[in-house]
1. Under 8 Å between Cβ atoms, at least 6 apart or on separate chains: pull out the pairs that start in segment 16-40 with a residue that is basic (Lys, Arg) and end on any residue that is surrounded by 14 or more Cβ atoms within 10 Å (Cβ to Cβ) and modelled with pLDDT of 90 or more.
2. Which members of segment 1-25 meet the condition of being among the hydrophobic types (A, V, I, L, M, F, W, C) and part of a helix (DSSP H, G or I)?
3. Would you pick out the residues in segment 40-83 that are under 15 Å from residue 23 (Cβ atoms), in a strand (DSSP E or B) and among the aliphatic types (A, V, I, L, M)?
Amino acid sequence: MQSMLRQAQKMQEDMAAAQAELEEKEYTAAAGGGMVTATVDGKHLIRSLVLNPEAVDPEDTEMLADMITAAVNEAVRKAQADSEETMGKLTGGMNLPF
């Protein structure tokens, strides 16, 4: 029983360390053939948004908004996938809340 408790504590410590590391990472994605590039961190906060000047068409701001949304969503998806993969390795596939 003592061994199991130590293993659980070690797993908890490893998960906390991995979560802290994931929060510091950055994930970048582009949309519109590179016209818009978004970078988010592991907390899913936008760190940067780069717009190619050619993407800014005053007559079509809707397309620009769509490209921004697509780039941000893809960067967030990358962050989520990395988190799931990293935590899955630590938990051996057990579905634990973190």
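The values are calculated or read from the model by the stated rules, or taken from the named source; none is laboratory data. From a predicted model like this one, the values you see are computed outputs, not experimental measurements. Positions of Cβ are backbone-derived with ideal geometry, glycine not excepted, and every protein chain shown enters the neighbour counts.
1. 25/41; 25/42; 25/79; 25/82
2. Just the residues of segment 1-25 that are among the hydrophobic types (A, V, I, L, M, F, W, C), to begin with: 1, 4-5, 8, 11, 15-18, 20, 22.
Selection gives 4, 5, 8, 11, 15, 16, 17, 18, 20, 22.
3. If the condition is that a residue be under 15 Å from residue 23 (Cβ atoms), in a strand (DSSP E or B) and among the aliphatic types (A, V, I, L, M), then 40, 46 are the ones that fit.
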